[in-house]
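One structure is given here, and the rest of the page talks about it.
The values are calculated or read from the model by the stated rules, or taken from the named source; none is laboratory data. Being a predicted model, the structure only gives us computed values, none of them experimental. FYI the Cβ positions are ideal-geometry reconstructions off the backbone, even for glycines, and counts take in every protein chain you see. For the accessible areas, the whole protein counts, side chains as well, though only heavy atoms, and no ligand, DNA or RNA atoms are used. Shrake-Rupley method; radii C 1.70, N 1.55, O 1.52, S 1.80 Å.
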2 protein chains.
Amino acid sequence: MQQYFGIKKENDTIYLNEKDFNHIKNVMRMSEGTKVFTVYNGIRYLTILNKDLKSVNIIEEANNGDIKNKLKFYVPLLNDEKMSLIFQKCTELGATDYVIVNYERCKYKLDSEKANKKIIRWNKIIMEAAEQSYRNTYPVIEKIINTDEIENNGSVNILCSLDKEDVKPFTKVVTSEIECDNINVVFGPEGGLTPQEERIIVEKGYEKVSLGNEVLRTETVPLFISSVIKYLIRSE
Amino acid sequence: MQQYFGIKKENDTIYLNEKDFNHIKNVMRMSEGTKVFTVYNGIRYLTILNKDLKSVNIIEEANNGDIKNKLKFYVPLLNDEKMSLIFQKCTELGATDYVIVNYERCKYKLDSEKANKKIIRWNKIIMEAAEQSYRNTYPVIEKIINTDEIENNGSVNILCSLDKEDVKPFTKVVTSEIECDNINVVFGPEGGLTPQEERIIVEKGYEKVSLGNEVLRTETVPLFISSVIKYLIRSE
């Protein structure tokens, strides 16, 4: 069954946005009376399409083991293909927050006008992935920040590093025994973070971790970590 | 899997120190027959704990960097973009074998000439991903098979299912305690496997597993599973 995010609720009626109306009418070719899931304000309902195909009527609540943990990725600014992949896949896998960071070695540059357009595009990808995977909530990208704006408000804050020294294995820092329900993750762009950037982030209290012997491409790192967190706390 | 440094080696037996004996017995609560990595004289071995828990017997060399486990994906025939993504990312994450399966609901069709060209292309993507991630070995795709040619030669054979009944949670079937070093994974195309196909595969001894509440796109399933296996056995 399809799932959509509603934009307004009045009594038992939830209204859908223009994009979803188009999807319902022209892609799915659904008609009045078709059942869909509709999420409004973090609550998921079993609903039935109205004749206008722009609104639904609630049958009952249909909550679905909502994601309770926090998993925030500080995503280095990469090219559109890699960003789209990260946002789509990690949203399916349960990431809850994304913040884009412009590091010294990010080769992909965006002026502020283009950045705003991209952020709109990426937020759309995130919402579609959340609908597809039946999530009740979805991350929203707000802006692109610099290294010194990274926050250390996870119960675990990790910095993925290719260093061989002064790093702990990821498997020792993130385990089913450790409270991994509120994690902040920093990882570098191609070419890595500069020593200066790493120092700033470590000084904020981030722990340097190693992801193992095989070297992962930048965009594979958050896919790997989202998968592990999903496995450890949400795959039952 | 745990790793220890041996203090003495006689033929195929390596002896562990008192600290590790305590760790094995009182912290890990392992028993005779448990597999551990043991390093002696700079060489890393896959070993098996003896009854005294103070020594191990060598099964084989397991030098760091090389992937020793087997992780075989039966990949449904999907479009080129999805196939490329699966082969690139799962190779980075440590998959060792791919077999392509043409299921009834595979929308993407290839005649045998085009199939050969695609297989050459996908094998190139695999090799590049293997180089990128410093692997010593890489999977090779040979051909496209039908459902009845699927083999059940893993020590664990799982079928990822969207069913709510007669499925076990993935987290209960694939754990760090279970021998997950030789896994065969079957998953369906968009629209899933037909009941007939599922029956054939279950009759071959595959166990139906559920991957949790969030619904993953087809191509995300092997990324998730490769990540979990990497975490469980290769991220130390």
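What residue, of A:82, A:118, is more than 14 Å from chain B (Cβ to nearest Cβ) and either under 22 Å from residue B:216 (Cβ atoms) or open to solvent by 10 Å² or more (accessible area, probe 1.4 Å) (or both)? Before the answer, list the steps.
Details: A:82 fails: more than 14 Å from chain B (Cβ to nearest Cβ).
So the residue among A:82, A:118 that is more than 14 Å from chain B (Cβ to nearest Cβ) and either under 22 Å from residue B:216 (Cβ atoms) or open to solvent by 10 Å² or more (accessible area, probe 1.4 Å) (or both) is A:118.
Test residue B:51 against the stated conditions and say whether it is away from chain A (no Cβ under 14 Å) and at pLDDT 90 or above. Talk me through it step by step, then tell me what you get.
Numbers: away from chain A (no Cβ under 14 Å): yes; at pLDDT 90 or above: yes.
In short, yes.
Could you check, for the stretch B:87-98, whether at least one of its residues is assigned to a helix (DSSP H, G or I) and without any contact (Cβ under 8 Å) to a residue 24 or more places away in the chain?
no
Matching residues to (1) closer than 30 Å to residue B:162 by Cβ; (2) in contact with a Ser or Thr (Cβ under 8 Å, 6 or more places away or on another chain):
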position	(1), (2)
A:91	yes, yes
A:96	yes, yes
A:119	no, no
A:124	yes, no
A:145	no, no
A:154	no, no
A:164	no, yes
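I'm trying to understand the selection: among the residues of the stretch B:25-35, which are of a type in the set (Val, Ile, Thr) and touching a strand residue (DSSP E or B) at 6+ places or on another chain (Cβ under 6 Å)?
Across the stretch B:25-35, the qualifying residue is only B:34.
To keep it simple, each residue is scored yes or no on (1) touching a Phe, Trp or Tyr at 6+ places or on another chain (Cβ under 8 Å); (2) assigned to a loop (DSSP other than H, G, I, E, B); (3) open to solvent by 30 Å² or more (accessible area, probe 1.4 Å).
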residue	(1), (2), (3)
A:171	yes, no, no
A:175	no, yes, no
A:179	no, yes, yes
A:184	yes, no, no
A:189	yes, yes, no
A:193	yes, yes, no
A:200	no, no, yes
A:208	no, no, yes
A:214	yes, yes, no
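Of all the residues that make up the stretch A:61-79, how many are of a type outside the set (Gly, Ala, Ser) and either away from chain B (no Cβ under 14 Å) or without any contact (Cβ under 8 Å) to a residue 40 or more places away in the chain (or both)? Give the steps one after another, and end with the answer.
Taking the stretch A:61-79 and keeping what is of a type outside the set (Gly, Ala, Ser), we get A:61, A:63-64, A:66-79.
With either away from chain B (no Cβ under 14 Å) or without any contact (Cβ under 8 Å) to a residue 40 or more places away in the chain (or both) added as a condition, the list becomes A:61, A:70, A:72-79.
Result for the stretch A:61-79: 10.
Which one of these is modelled with pLDDT under 95 and within 30 Å of residue A:5 (Cβ to Cβ): A:172, A:164, A:143, A:168?
On the way: A:172 fails: within 30 Å of residue A:5 (Cβ to Cβ); A:164 fails: within 30 Å of residue A:5 (Cβ to Cβ); A:168 fails: within 30 Å of residue A:5 (Cβ to Cβ).
Result of the check over A:172, A:164, A:143, A:168: A:143.
Name the one entry in A:126, A:58, A:150 that is open to solvent by 10 Å² or more (accessible area, probe 1.4 Å) and either away from chain B (no Cβ under 14 Å) or among the aliphatic types (A, V, I, L, M) (or both).
A:58
Since residue B:164 meets every condition but one in (1) more than 19 Å from the chain's Cα centre (by Cα); (2) surrounded by 13 or more Cβ atoms within 10 Å (Cβ to Cβ); (3) among the basic types (Lys, Arg), which condition does it not meet?
Of the numbered conditions (1) more than 19 Å from the chain's Cα centre (by Cα); (2) surrounded by 13 or more Cβ atoms within 10 Å (Cβ to Cβ); (3) among the basic types (Lys, Arg), the odd one out for residue B:164 is (2).
Just to check your reading of the model, which residue among B:107, B:124 is free of Cβ contacts under 8 Å to residues at least 40 places away in the same chain and more than 20 Å from the chain's Cα centre (by Cα)?
Just a single option satisfies the conditions, and that option is B:124.
Where residues in the stretch A:216-236 are under 18 Å from residue B:176 (Cβ atoms) and facing chain B (nearest Cβ under 7 Å), which of them is most open to solvent (accessible area, probe 1.4 Å)?
So the residue we want is A:236.
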